[in-house]
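Readers should treat all values here as calculations from the given coordinates under stated rules, not as data from a laboratory. Since we're looking at a predicted model, the values are computed, not measured. With ideal geometry, Cβ positions are generated from the backbone for all residues, glycine too; neighbour counts draw on all protein chains shown.
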Amino acid sequence: MVEVPAQQRSTRQRRAVSAILDDLDGFASAQQIHDKLSHRGEKVGLSTVYRNLQALVDAAQVDMIRADDGEVLYRRCNAGHHHHHLVCRSCGRTVEVSGSAIERWAEAVAAEHAFVEVEHTIEVFGTCSSCAAR
């Protein structure tokens, strides 16, 4: 389990949400995480799940992406540095990838238009080889 920074209170609910995130192989919605907590017998409200997920995102311990349908999905961040994701549309399997070409492109476009302090998020959705073989 990843350590929670000292400025964040380590509550029973936050530990329960973190434990679910540790077990995930891909991204999951707050509702899916809440359902998994319920199946484990944890009494954690959905709004508490959302609050804890946001705190973990703010602490850079959890990645957050927006799926094609607009739903926000969460996953434990393993890379520890800026990265992107390949996400399977079928099973949710996620691979963290670096993108030096993307980084250079983003910097060049920002400089071309005189933008500074630029940030970006890029997620690539497709079908993993296991799902494609089915």
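Here are a few things to note about the model shown:
- Beta bridges assigned by DSSP with both partners in the chain are antiparallel in approximately 75 percent of cases.
- For the chain, average projected area of the Cα convex hull in nm²: 10.1
- Model label points for H82 and R12, set 7 angstrom from Cα along the Cα-to-Cβ axis, are 4.2 nm apart.
- Table column - 3J(HN,Hα) (Hz), the range 113-124, Karplus curve with 6.51, -1.76, 1.60, x for Gly and Pro: 9, 6, 9, 10, 6, 7, 10, 8, 9, 10, 10, 10
- Per DSSP, loop trypsin sites (Lys or Arg not before Pro) in the range 28-101 with at most 10 further Cβ within 10 Å: K43
- Take the Kirkwood radius over Cα pairs of the range 1-78, plug it into Stokes-Einstein at 10 °C and 1.306 mPa s, and you get 128 µm²/s for translational diffusion.
- Extreme residue, positive dipole direction of the chain, given options S100, M64, A114 (C-beta unit charges): M64
- Within the range 109-132: backbone nitrogen closer than 11 Å to the D68 label point (7 Å, Cα to C-beta): 125-127
- Summarising the label geometry, the points placed 7 Å from Cα in the beta-carbon direction at R40 and V124 lie 3.2 nm from one another.
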